[in-house]
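Have a look at the structure below, then the notes.
The values are calculated or read from the model by the stated rules, or taken from the named source; none is laboratory data. Since the model is a prediction, treat every value here as computed from it, not as a measurement. A quick note on method: Cβ atoms are made from the backbone with ideal geometry, for glycine too, and the neighbour counts reach across all protein chains shown.
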């Protein structure tokens, strides 16, 4: 049976998570990487909490609560606040018009044809007609597609644990396959950069989308052990690994590069964690933003963090996060140097 992103909650796990959340910290000092459909979302973090944000995909799983602050953090935050909205915004909830869906399919899921174009990026895509990879992918013809303008479609295949992601996904005219502007395939069992420098993915930064989504199944038990995807209105013509692509013409150094990582400041976290009820979905996100932070993945509205589409979200609870000001964040130092033509 194919499984959609909606998953069940477990009372025992919720009790354990609640005790940990009362202390304002993740349940495990060294967390097991998150998993979907029996597939880890990349191996455990290669860097310790006190080290800069790692330059490969295991960075998604790195606790950066003790990592050094970037030298130009204050300037970056000031510029972000000038360029767009000033507060955090969860861009997901119970309304299916918000958030990004994903699906889990079995190892024997039948592949279907995927075509890149007509105005797409075949030279930077991993699968589809016109690429050097396979022209097919195990993406069901009735797979959920994001309601937003980017029309992302995401599938995890059990067994080999391939993560298939598409940007601007639509069914072809015959309804026998998919058409997309770009595609990306990630091996969830490995943590290399995986994409060549300069390549995009289904996301502008060349990053995978699924590892950065806030998922209902993890939030409801209070254990989000990964960084969260975030967008900003204006970005820099630069990227930091594990990002591999920029989507801006601005060379202004005070603007965020793709792949840049931010976290809640310790002082703000300590002063406000009690504002979020124990075992609430909002508290799980708030704690994750301190320990794992967020990674810049695309252009969009300022401070918009992304989660899965799920009717079980408690929108009133998630709205508590909208009170967090952008100035409550700081930029984490990266192990990577910015790649830029500027």
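Quick notes
- Yes/no for residue 130 being at pLDDT below 95 and at positive phi: yes
- Lone qualifier among 328, 335, 297 - being in contact with a helix residue (DSSP H, G or I) (Cβ under 9 Å, 6 or more places away or on another chain) and crowded, with 24+ Cβ neighbours inside 10 Å: 297
- Counted residues, the stretch 135-158 - those being loosely packed, with under 15 Cβ neighbours inside 10 Å and at pLDDT 95 or above: 2
- Condition check for residue 229: in the same structural domain as residue 313 (by TED's automatic domain parsing) and within 20 Å of residue 144 (Cβ to Cβ): yes
- Any hit, the stretch 38-45, residues being out of contact with any strand residue (DSSP E or B) (no Cβ under 8 Å at 6 or more places or on another chain), outside any loop (DSSP other than H, G, I, E, B) and closer than 17 Å to residue 209 by Cβ: yes
- Considering the stretch 264-342, the qualifying strands (runs of 3 or more DSSP E), each wholly inside and each with 2 or more residues that are within 16 Å of residue 214 (Cβ to Cβ), run over 294-299, 304-306.
- Any hit, the stretch 255-275, residues being at pLDDT 95 or above and farther than 24 Å from residue 70 by Cβ: yes
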